[in-house]
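The values are calculated or read from the model by the stated rules, or taken from the named source; none is laboratory data. None of these values were measured; they are calculated from a predicted model. Cβ placement follows ideal geometry from the backbone for every residue including glycine, while neighbour counts extend to all protein chains displayed. These accessible areas exclude ligands, DNA and RNA; they are computed on the full protein's heavy atoms, side chains included. Shrake-Rupley method; radii C 1.70, N 1.55, O 1.52, S 1.80 Å.
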Amino acid sequence: MQVLLKLRDRVPAIAITALRGSLQQRCFSSSRYWAQQQTVAKDGLILGMFSSQKLVGAQAASLTESQQQVLLAQAQALGFKAEAGKVQTLLSNDLSRQIALVGLGTENAGSIVASGTTESEIVRTAVANGIRQLCARNVSNVSIAPLPHLQASAEGSTLALYKFDSFKSSTGKKDIESQDNSTISVKLLKSSDSAQLPDAWSTGKVYAEAQNLSRDLTNTPANYMTPIIFAKRVEEELSGLKGVQVNVHDEQWAESQRMGGLLAVSKGSSQPLRFVEIVYNGAQSSNVSLALVGKGVTFDTGGYSLKPGRFMDGMKGDMGGGAAVVAAMRGIAQLQLPVNVVATVPLCENMISGDAVKVSDVYTSRAGLTVEVMNTDAEGRLVLADALHYTIETHQPQTIVDVATLTGAMVVALGERYTGVFTSSSSLWKKVATAGETTDEPVWRMPLHDSWDAMLKSPVADLSNIGNKSEAGACTAAAFLRNFVHGPRLNPPEIPRDQNNDEAVPHWAHMDIAGPMEASASNGYHQKGMSGRPTRLLIELARQLSSGN
């Protein structure tokens, strides 16, 4: 009762009365309180709370005024200030539900004040943290009250529940760190005064489930995710969707398409290559508004330019670009966006054998340019170059975006937070940046400059696959790819200049995701391991294009 004395000058009398009655009714020790939370109350509820001590979603949760005041009094007694993303777990009066109050921070006329971030990111993170806390307390069913951003609520809850434990035995899954979240039920509470459409919730689930698919593909060990297995998984996930056609091409087809880069990289592996092509027709016209190209190297040893052993385990995710592209295509098709989108993923392994490509080997690309391989670990750009050239020539898209875990230099430059984006089109950059802000998959524009072209000269071929200096590694990789989009750039101008305002069609962007491909820690809706980024960004980009933005 000392708590009540401390609160009497700050909390309305009705709350004190209700809280006193609640405490007298329960009459149990703190140890029993937490035991009740973990073993009895299997139903959970997530409510929002502003730092002004205002609950969000209480009406949808059918909480009376008295019950709301008890929750607020308990929160104050525990020192909960409802800072953005923070969580306080309580019990309902009748002990039937565990309630996670998720902090939404400062409000302004009922809206979240998002300083330095976005409203949607605050909600996404807060809901994810609420889900995590309730799961840790063995809740089986979670109801989420309507918060200011329903799509973000759905994304946060779905992404936070993700676990990759497919290869754990039943004994291993009993480990508390491997708690099975697949049986937890999550639903949105309906509110008569909610101005948001229910579609926002289902849209958020599509976005998040697509990212979880990308996580699955990249987290799977390489012996269970070969080019053939990856291609079959694509067929399973997308073939039955309306407006979707999936074509899987083999090595003979690649030879007929003169894909010298893809063929050269794949030679070192006993696993045959595949080239996946996904066509989604959602618009009435036949024009392709967007093409996505994803790097699909299902395991990368570096070839004879061997990678350091302690970094090689992450190379099962070297097809993270391909995984994100495939997952985004599933999301686009499930949402039935009114836009035509094409995706291509060149799939192979980069291995060492007597047949593997060697340093200083020369091959001829699909575009007819010859390339000297000066580093076999710079293989991603070789397979992407053929895929870009094929996709542009075959489908003639208005916009084309390639996504790849391409360079360690990008990790050094931006870390795991930002995706580096190279594009000469300012209009496309604005669209990509907006999509990144909306989904909180942040991007950073990197420079394209004529100077990079001169660094790719080779004495024996048209191009070298790496720059001739130990600098600008991510920039020269982007410059290499540009030769296969708008034509060869073998004769740089006398006065080099920035390439940041070229609106030639197709508008092209290269996204280097080597940093954000992997999350180093679990927090909020992020799970340690392969991240599945930038899947939601790609879906959002397609949505923008479908609405004419």
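Computed quantities for the displayed model
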item	result
Single residue of V359, V341 found to be open to solvent by 20 Å² or more (accessible area, probe 1.4 Å) and either free of Cβ contacts under 8 Å to residues at least 60 places away in the same chain or under 18 Å from S289 (Cβ atoms) (or both)	V359
Those residues of region 442-458 which are closer than 12 Å to C475 by Cα, modelled with pLDDT of 95 or more and assigned to a strand (DSSP E or B), in sequence order	R445, M446
Filter result for the condition that a residue is hydroxyl-bearing (S, T, Y) and closer than 30 Å to A126 by Cβ, over S470, S520	S520
Residue that is of a type outside the set (D, E), touching a residue at least 12 places away in the same chain (Cβ under 8 Å), surrounded by fewer than 24 Cβ atoms within 10 Å (Cβ to Cβ) and over 23 Å from Y207 (Cβ atoms), where the choices are T117, T106	T106
Selected residue [farther than 21 Å from Q271 by Cα and not basic (K, R)] from E416, E379	E416
Every residue from region 486-522 that is touching a Pro at 6+ places or on another chain (Cβ under 7 Å) and within 28 Å of P459 (Cα to Cα)	D498
Residue match in region 513-522 (condition: touching a strand residue (DSSP E or B) at 6+ places or on another chain (Cβ under 7 Å), in a loop (DSSP other than H, G, I, E, B) and surrounded by fewer than 20 Cβ atoms within 10 Å (Cβ to Cβ))	no
Pair list, Cβ under 8 Å, 6 or more apart: region 397-416 residue farther than 14 Å from D318 by Cβ, other residue open to solvent by 40 Å² or more (accessible area, probe 1.4 Å) and of a type in the set (V, I, T)	Q398/V505
Condition check for T434: part of a helix (DSSP H, G or I), over 29 Å from M315 (Cα atoms) and modelled with pLDDT of 95 or more	yes
Residues of region 137-176 classified as among the hydrophobic types (A, V, I, L, M, F, W, C) and free of Cβ contacts under 8 Å to residues at least 40 places away in the same chain, total	2
Lone qualifier among R533, R445 - being under 23 Å from G408 (Cβ atoms), of a type in the set (K, R), in contact with a Ser or Thr (Cβ under 8 Å, 6 or more places away or on another chain) and open to solvent by less than 30 Å² (accessible area, probe 1.4 Å)	R533
Residues of region 363-421 that turn out to be open to solvent by less than 20 Å² (accessible area, probe 1.4 Å) and of a type in the set (S, T, N, Q), as a count	7
Residue match in region 300-323 (condition: within 17 Å of F484 (Cβ to Cβ), surrounded by 24 or more Cβ atoms within 10 Å (Cβ to Cβ) and either under 19 Å from the mean Cα position of the chain (by Cα) or among the aromatic types (F, W, Y) (or both))	yes
3 or more residues closer than 24 Å to C348 by Cβ and open to solvent by less than 50 Å² (accessible area, probe 1.4 Å): qualifying helices (runs of 4 or more DSSP H) within region 184-284	199-219, 227-238, 260-266
Count of residues meeting criterion [at pLDDT 95 or above and either of a type in the set (S, T, Y) or within 12 Å of G48 (Cα to Cα) (or both)] in region 86-104	10
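One line per residue, one yes/no per condition, for (1) surrounded by 21 or more Cβ atoms within 10 Å (Cβ to Cβ); (2) over 30 Å from the mean Cα position of the chain (by Cα); (3) among the small types (G, A, S); (4) not in a loop (DSSP other than H, G, I, E, B):
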{"site": "Q59", "(1), (2), (3), (4)": "no, yes, no, no"}
{"site": "L71", "(1), (2), (3), (4)": "yes, yes, no, yes"}
{"site": "L95", "(1), (2), (3), (4)": "no, yes, no, no"}
{"site": "I122", "(1), (2), (3), (4)": "yes, no, no, yes"}
{"site": "T125", "(1), (2), (3), (4)": "yes, no, no, yes"}
{"site": "G130", "(1), (2), (3), (4)": "yes, no, yes, yes"}
